[in-house]
Each structure stands twice: as C-alpha cells, then as structure tokens.
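Q: This is the structure I have questions about; it appears just below.
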Amino acid sequence: MRVRLRRRKKSPNQGKAFHIQIGFMTCCLLILLLMLWNLNDEIDLKAPGINHPIDNHDYVPMKWPKSLSITSPAMYFIHVGKAGGMTLRMHLPVLLAKNKKELGCWKRNESNAANCLASSSNNSALTNHIRGHMHIGSSFFSPDEQDFLMNHTDTFLFSIRNPIDRVTSAFYYHQNQKIKYPLYKCFNSMNELVYSLGKDNTSECSQLARRVLQGNTTAGGAHFAYNYEYYEEKTIQKKPNHYVTAIRAEHLWQDAKDLDKMVGGTGVLQGDGQRYTHYSASVQEVSFRKAEIASKAVSSLCCVLAREMVSYTNLVSRAVNLKPSEKHVSLQKVQDQCNILISGSRSSFKQLVMDSCSSG
C-alpha cells in the first residue's frame, strides 16, 4: 500500500516533468521543421507555379516529365565554361558530330524521332539521352537548330562549379592563351585582381576587373562573359518548365554516374575519373585559397559576383538529380567563402547586388 501511495505522491511531478519533456521535444521539432522549411524556401528558388521534384528522389524513384524511353528525358547539355564541361564532352562522351547528324534526321522526321535517335550499346544511357550542346554562342548549332532543341527537349543538363573557383580558373585559362586580353596587362594573378576590388579603388584597372567579372565585357576572355547569368537567361528563362539537372565539377564523375543510373543506365562510364585540361596553369596557381586573401577582399569579390551567386544558387536548387545534402554541401562553400548564411542567401545576395561595391 505504501508503495502505491508513494507512486501517487510522485505522479503529479512525474506528469509535470513528462509534459515539460514532451513540450521541449515538440518545440525542438517545430524549430527543426521551421529551419528546414526556411532552408528549402531560400535555397530552392523554384519558378512560381512549377512543380519540380527536387527533394523526393531519396525515397522514391526520380520522376521525369515522361516515362523513360529512347527519347525521354531529352537533355540539352549546357556547357558552362571552366566547370568541367570539356571533360564531359570528351570523356562521357557528348558526341557532337553524332548529335548534329541525328538532329537533321530528327527535324525531318519529328513524328518518328526514335528512328533517328537510336541508342548505341557502346554509349552510356546518359550519352544517349543528350540531344544537343550549348557552349559560348552555340556555334555547333545554328539558331534554328538551337530553337528546335529548346522546343524538343524537356531537361537542361548544366555543368556547374563554385562561382569563385570558376572565375579563378577562367582567369588563368585566358591568361595562358596566346591572346592579349587587356585584363592581363593590369593583373598578373587572381590575388592582385581581387585586392583591386575594394569600393574605394576607382582606378581604370579596378573598373575593368569589375566589368570582366560581371560579364559585361570580353576584355578578360569569353568565359567571363558567358557566365551563369547568361546561360540562365538563354535556357531557364526561355523554358521555365524544363527540368534542370547539374553535374558539379567538384564531384564530376560521381554526379555523372548517379545521373546515368537515374536515366536507366548502369552507372558505369567509360571516362570515369578522367580530366581534360587545356591552357591550364598549375593546380597550386588555380586553386583559390581563402587564407591568401584578406576577408575584406573576399567580401569585395563576393559582392562583385553577387548576380552570379544568385544564378548559381538557382541552378543548384533546381537540380532534380542532386540530393538535399549535396545541394547543402555546394552552397556551404559559398557560405564559407562569402560569410553569408545559406538560409538568408537570397535576400543577402540581392542586397549585395544593390550595394555600392557591385556597381561599375
């Protein structure tokens, strides 16, 4: 009886403690859900009214606009410069001549495209699903062919890379070409260029560096002008209902193998692990080490590249082949370099665009 009485005496406190514990756990859960909701809201910059299955392929197979077949998904490869696109073109491979020939047949026989787009057992599934290639003005295809590809594909495949690393690679790539771009009369290294970006620096070289980095001139080379903002305008803004896939240069072959499996392949790619470099400087030169540059200088670079950051964030966010954790890893690097919280990236980058240091 005394045991029962003691339990009765403790039960109010136990009940109170239990309710406090449940309340605390519920509060934590709500906070976590709110954080995740905010993260998805800010990172996932989906076009209004368009349903892209961004986060569901961890649990169910990724859904393309149509059932998998020889012609779907029909992928348009958007080769962003200095983001691993040449490696994919050469070693995946992206068969430009084959696609050019197929495209002519496809245009003449739209109702029976399968006869023109016959896959080859020697190619990966990913290769066979790529219908065209866009790169630096798309000289591989005429304007009419480009329009045809836009209208007869349902998926964009972007090669992407952290924006700061991409422009650093572009700097050394164009510097090592046998073309006397005006930018390299001003700067011998990326470090020198970055240090010139302070908003108090009004020199001609500083202003030129800003225009080059923002894609407003080819005075530093074509890969600066043909940037994320350019390709986003030429693709997603024209075809907002297209799905977006992305292969990150930092995880190039793993992303390519995973995507190959998603489109019906085995994940075994003949070029696995290969890299194609041209006009490249040493790895030590090209590697962007934040420790070498003062934080103030990094902030100036992030500010000048603010519009690029917005476009890059949009591409990462919309990529249907990337897991939420993979998107977070890619955007985390931007956060670390620019000291901008991911959950507030959209508003922060927009503010940077408006900031005086991004003018010019």
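Q: Among the residues of the stretch 289-309, is there at least one that is modelled with pLDDT of 85 or more, out of contact with any Leu (no Cβ under 6 Å at 6 or more places or on another chain) and among the charged types (D, E, K, R)?
A: Yes, the stretch 289-309 contains at least one residue that is modelled with pLDDT of 85 or more, out of contact with any Leu (no Cβ under 6 Å at 6 or more places or on another chain) and among the charged types (D, E, K, R).
Q: Which of the residues spanning the stretch 241-262 are within 16 Å of the chain's Cα centre (by Cα) and not in a helix (DSSP H, G or I)?
A: H242, Y243, V244, T245, A246, I247, R248
Q: In the stretch 127-200, which helices (runs of 4 or more DSSP H) lie fully inside it and hold 2 or more residues that are among the acidic types (D, E)?
A: On the way: elements: 143-151, 163-175, 183-186, 190-195.
The qualifying helices (runs of 4 or more DSSP H) are 143-151.
Q: Right, something else. Can you name the residue in the stretch 241-253 that is closer than 18 Å to H79 by Cα and not hydrophobic (A, V, I, L, M, F, W, C) and is also surrounded by the most Cβ atoms within 10 Å (Cβ to Cβ) among such residues? If you could, list the steps in order and put the result at the bottom.
A: Keep residues of the stretch 241-253 that are closer than 18 Å to H79 by Cα, which gives 242-253.
After this cut, where a residue has to be not hydrophobic (A, V, I, L, M, F, W, C) as well, the list is 242-243, 245, 248, 250-251.
Details: H242: 22, Y243: 23, T245: 26, R248: 24, E250: 15, H251: 15.
Selected residue: T245.
Q: Tally the residues that are under 22 Å from A319 (Cα atoms) and β-branched (V, I, T), restricting the search to the stretch 211-259. Reasoning before the result, please.
A: Of the residues in the stretch 211-259, the ones under 22 Å from A319 (Cα atoms) are 226-259.
After this cut, where a residue has to be β-branched (V, I, T) as well, the list is 235-236, 244-245, 247.
Result for the stretch 211-259: 5.
Q: What are the pairs with Cβ atoms under 6 angstrom where one residue, in the stretch 65-86, is crowded, with 22+ Cβ neighbours inside 10 Å and among the hydroxyl-bearing types (S, T, Y) and the other, located anywhere, is modelled with pLDDT under 95 and in a loop (DSSP other than H, G, I, E, B)? Sequence gap at least six, or different chains.
A: Y76/T153
Q: Right, another one. In the stretch 167-212, how many residues are acidic (D, E) and within 19 Å of C338 (Cα to Cα)?
A: We begin by selecting, within the stretch 167-212, every residue acidic (D, E); these are 192, 200, 204.
Still in the list and also within 19 Å of C338 (Cα to Cα): 192.
Residues that pass the stated criteria total 1.
The values are calculated or read from the model by the stated rules, or taken from the named source; none is laboratory data. None of these values were measured; they are calculated from a predicted model. A quick note on method: Cβ atoms are made from the backbone with ideal geometry, for glycine too, and the neighbour counts reach across all protein chains shown.
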